[in-house]
């Protein structure tokens, strides 16, 4: 019996359906429309009645934007390490540092901080994100562009969801954006700025560009691979396409909108009381008018009462239910109120440890997102380097790790004091403390610190603020360690920090 391949196993898990033909995969375009509309505030299923006032509390958009801000509040860093084992200070370490600087230059030119933030918002709301990387001949750098996943049609290996077999991207383009050769194949174009539908098709071997049904460019794939990075916001088991952050929030947000709107109408009525008259006919009450100082004359059997909708705890019940919905939204979104800056309980401020415990749901959510996004960012960096090497860029073979900015605000002075104590007690090496303090390359940073310390000693500068009266002693010169002066006292060697 032949053992089943990975693709056969994946197909069997999906109910004998290809992974691109599952219910989840087939429904993604409709989900994009629904999620995008909900993110933009389209959160009511029915039209409002004449004169009806509706309140839309768009927590869905706030939660998505807040999570993206926690992810990309600052630019990510790149930590390059040489492939294989090499000696410290060797040529490959220098090349790794060059790769890091090159990636920083590419990130600055592409404004990747803004692009990554926008991509995180799109992926969080729609469920998927995508980039494409192309070579820019004028700048001599890779150009990174965000892609709307709704405009993509993709096939992938059933046993490896990261390996793309082909990609088709649909978008709109004008003749003015095409090269002269491409535009010439379209014939006469009356308006060079009118929108025309374009479709790019990519495999690892070939690519094609079609505009208005005419193939205007194509041939062998110049990159030797499909230049797209596609990733899910949240990976579902055995699915290529992801899920939105909104999937569990939409019903709660709709209910919150409804209850706040109902309570608002009740408050309007309570502020403008309704008078109910019983025991009288329409003809007997038709002449009654409302207004300050008005007197009514009612039949003997009639009775007038003010309608009080919020008495007997009715108002409190509404507020409690709204508060329940509000807390449920924060719980299910894994975005505690503390993540919005509410760090007090009554008049008592919470301690830093208590705040970190309260933010654990958010930290867990960020850890999941960083696991997926970090992998996509590494693949994007490697793709940029491979494309650059094809165009003559001399980049060393390195492994890339993403350096994320701290998720929570830090008391830097307290952190420095803590790490200083740990180093002085021999608990942390200097490089570990540098890493805790945010240095992406502690070993390189320590090398610079030591080099500058020697330069300061050579210049006769005391790091504690004074200047040394005696010239520094070079290594291997002068008295040996433990030697004494003429008075029999031990002479101290120079110590970093002037102590």
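In table form, for the structure just shown:
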| item | result |
| --- | --- |
| Filter pass, residue 385 being at pLDDT 85 or above, surrounded by 15 or more Cβ atoms within 10 Å (Cβ to Cβ), within 25 Å of residue 72 (Cα to Cα) and under 22 Å from the mean Cα position of the chain (by Cα) | no |
| Exclusive hit being surrounded by 19 or more Cβ atoms within 10 Å (Cβ to Cβ), within 23 Å of residue 392 (Cα to Cα) and under 25 Å from the mean Cα position of the chain (by Cα), set 147, 133, 154, 167 | 133 |
| Out of 426, 476, sole residue that is closer than 30 Å to residue 93 by Cα, out of contact with any helix residue (DSSP H, G or I) (no Cβ under 7 Å at 6 or more places or on another chain), surrounded by fewer than 11 Cβ atoms within 10 Å (Cβ to Cβ) and at pLDDT 50 or above | 426 |
| Residue ID - surrounded by the fewest Cβ atoms within 10 Å (Cβ to Cβ), chosen from residues in the range 94-110 that are without any contact (Cβ under 8 Å) to a residue 60 or more places away in the chain and in contact with a strand residue (DSSP E or B) (Cβ under 9 Å, 6 or more places away or on another chain) | 105 |
| Selection within the range 365-389 - free of Cβ contacts under 8 Å to residues at least 40 places away in the same chain and closer than 19 Å to residue 107 by Cβ | 374, 378, 382, 389 |
| Qualifying position, being out of contact with any helix residue (DSSP H, G or I) (no Cβ under 7 Å at 6 or more places or on another chain) and either modelled with pLDDT of 95 or more or assigned to a helix (DSSP H, G or I) (or both), among 49, 107, 150 | 107 |
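The values are calculated or read from the model by the stated rules, or taken from the named source; none is laboratory data. If you're wondering where the values come from, they're calculated on a predicted model, not measured in any experiment. Positions of Cβ are backbone-derived with ideal geometry, glycine not excepted, and every protein chain shown enters the neighbour counts.
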